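Working notes, structure below.
Any read-out appearing in this document is the output of simple, stated calculations on the displayed coordinates, not a laboratory observation. Being a predicted model, the structure only gives us computed values, none of them experimental. Using ideal geometry, Cβ is built from the backbone for each residue, glycine included, and neighbour counts are taken over all protein chains shown.
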Amino acid sequence: MKIIIIGNGIAANSAATVIREHDRESNITMLSDENQFFYARPRLTEFISGKSAFEKILIHDEAWYKKNNIELLKGLSVSSIDTEHQVLYGSFGSLSYDELLIASGASPSFPPFYRPQLEKVYALRTKEQADHIIATAQHSKSAAIIGGGLLGIDTAFALVERGMDTTIIEFYGWLLPKQLDQDSAAILRDLLSQKRLKFLFGKQTASISNEKSGLTLAFADGTSILADMAIISAGVRSNIAFLKGTKVATGRGITIDHQMRTNVPHIYAAGDCSEFEGKMYGVWSAAKEQGEIAGLAMIGQDVDYQGSVIGARIKAAGIDVASIGDFSMTPSTTVEVFHEKDIFKKYFREGNKLKGAILIGDTSDYFKLQKEIAK
C-alpha cells in the first residue's frame, strides 16, 4: 500500500509513527515544504532566545526516517490533487497514493495593515523565519509583538532574554484571551511584568511604516509607538489552497469525521489544517492526538474521534501556565479559586463535573485534570 502524508509536523509524524508500529510493509512518503527534519515548533522561541541550538529542538533526525523506512521529501510544495485517479501534483512532479493524509498545518495570518515589503516585520512559524528574527535582533534594541496569545508571549520573552526592550500589543483587554479569563490574565500580567515584559492593551494596530529611526506602529486610537523590529502573532490560517477545485469539503479547515476522514474516499486530514464539528484546535496536543487516530484509521484500525479536550500548557518567561477545557460562565457554573503568592488555580464546575481549569505557577495536575474533564 502506498501511503502519502502531506506535512512533516506533529500530526504528520504522529500518524507515521503509529502506522509503522502496526504496519512495516506499506510504503510511506512524507512531503515537507521546509528543508528541515521534524522539530518542536513551539520551541523555536528557545532557539531565538539563544537558550537552545536548533539541533536541540529536533525530534526526528535523518536516522529516524531511515530506521522506520519512511521517505521524507523536503523543500517541496503540493499544487493540486486528482482525487478521482488518486494522484498528487506539485514541485516534485506527480505521486500516486492508495491512502492520503493531509497534515499540511497552517501559516501565519496577517492583519489588513501588513505589507510584504515592510522591513524588519516578521511572523514566527518556521526555522527560516526564526533565522531572520535572530539576524535582525542582533542589531536591534527594541521590539513590538502584535498579539498577546501563546506564541506572542513566548516570542516576547525570548527577545527580552536577548536584552531587548519588548512590548506586547493586544487588541483585547487582557493576555491570552482564548485561554484565560480576566482575573487569571491579570495574575499572569503582573508576574510577566516582573520579568521586564511591557504591555499595551486595547490597541488595534492600524499601520506599520518604515522610518529612518526604525518602525512606527500607529494605532486606531491615534496613538503610536516606535520599535526597531516587530513580530506579528495574530493567529494562523490553514494551508489548504491546493485543494481548490477538488471535491474535498472545507470550511475554515478541512472537514473531517469521527474517523478523521474527509468526504472523499481514501483522503484523511489531521492537525492545524483540519476542522472537526466546527472546531479548529490549533494546539500541539490536539494535532498529536488527531495524527495518531488518523494513522490508525488509514491502516484499517477501528477509531472513534470525539474531539480533543481544549487545553494549552506553556512556560511563559519561566512561569508555568495551563488552561484546560471550558471556563465560560453559566447560571449553574460554580467556581473555586486558590491563590497563594505566585500560584493561582481556578476550577470551573457544572454540578459535580469539572469542565475547566486555569493554572498559573503550578501546572503539575495538568494531565490529571485533562483526563477528569474528558470523562
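For the reader, a short list of remarks on this structure follows.
- Of all lysines in the structure, the ones whose alpha carbon falls short of 27 Å from that of residue 375, not counting any fewer than 8 places away in one chain, are 178, 279, 288, 315, 345, 346, 353, 355.
- Long-range amide H partners of residue 250 with built H, under 5 Å: 255
- Scalar couplings 3J(HN,Hα) for segment 254-271, obtained by applying the Karplus form with A = 6.51, B = -1.76, C = 1.60 to θ = phi - 60°, are 7, 6, 10, 9, 6, 10, 6, 8, 8, 7, 9, x, 6, 10, 10, 9, 7, x Hz; x denotes Gly and Pro.
- With each label modelled as a point 7 angstrom along the Cα→C-beta vector, the residue 131-residue 94 pair spans 3.3 nm.
- Point-to-point label distance, residue 182-residue 22, nm (Cα→Cβ direction, 7 Å offset): 4.8 nm
- Gain in span if fully extended, residue 84 to residue 194, counting 0.36 nm per residue against the direct Cα distance: 33.8 nm
- Listed residue (139, 88, 109) projecting farthest to the positive dipole end of segment 76-203, Cβ model: 139
- Net charge of neighbours whose Cβ lies under 9 Å from the Cβ of residue 355, counting Lys and Arg as +1 and Asp and Glu as -1: 0
- Listed values for segment 13-22 are Karplus-derived 3J(HN,Hα) couplings in whole Hz (6.51 cos²θ - 1.76 cosθ + 1.60, θ = phi - 60°), namely 6, 5, 5, 4, 4, 6, 4, 5, 5, 10, and x replaces Gly and Pro.
- Pairs of lysines in segment 1-143 (C-alpha under 16 Å apart; 8 or more residues apart or interchain): 5
- Between the amide H of residue 326 and those of 356, 357, distances stay under 5 Å, these residues lying 5 or more places away or on another chain, with hydrogens modeled in the peptide plane.
- The gain in end-to-end length when the residue 74 to residue 40 segment is fully stretched comes to 10.6 nm, 0.36 nm per residue minus the alpha carbon separation.
- The residue among 47, 256, 286 whose Cα reaches farthest toward the positive pole of the charge dipole of the chain, with charges on the beta-carbon of Lys, Arg, Asp and Glu, is 47.
- Helix 127-137 and the longest principal axis of the Cα set of the chain meet at an angle near 20°.
- A simple rule links phi to the HN-Hα coupling: the Karplus curve 6.51 cos²θ - 1.76 cosθ + 1.60 with θ = phi - 60°, which for segment 349-358 gives 10, 10, x, 8, 9, 6, 10, x, 7, 10 Hz, with x for Gly and Pro.
- Our summary of shape: the Cα atoms of the chain have principal axis extents of 58, 57, 38 Å, ordered from largest down, in whole angstrom.
- When the charge dipole of segment 186-333 is built from unit charges on Cβ atoms (+1 for Lys and Arg, -1 for Asp and Glu) and taken about the Cα centre, the candidate among 225, 235, 311 whose Cα reaches farthest toward its positive end is 225.
- MRE, 222 nm, helices only [DSSP H, n ≥ 4, -39500 (n - 2.57), over the chain, to nearest 500]: -6500 deg cm²/dmol
- Relative to the Cα centre, the charge distribution of the chain, modelled as +1 at Lys and Arg Cβ and -1 at Asp and Glu Cβ, gives a dipole magnitude of about 660 debye.
- Trypsin sites (Lys or Arg not before Pro) restricted to DSSP loop in segment 34-113 with at most 15 other C-beta within 10 Å: 51, 74
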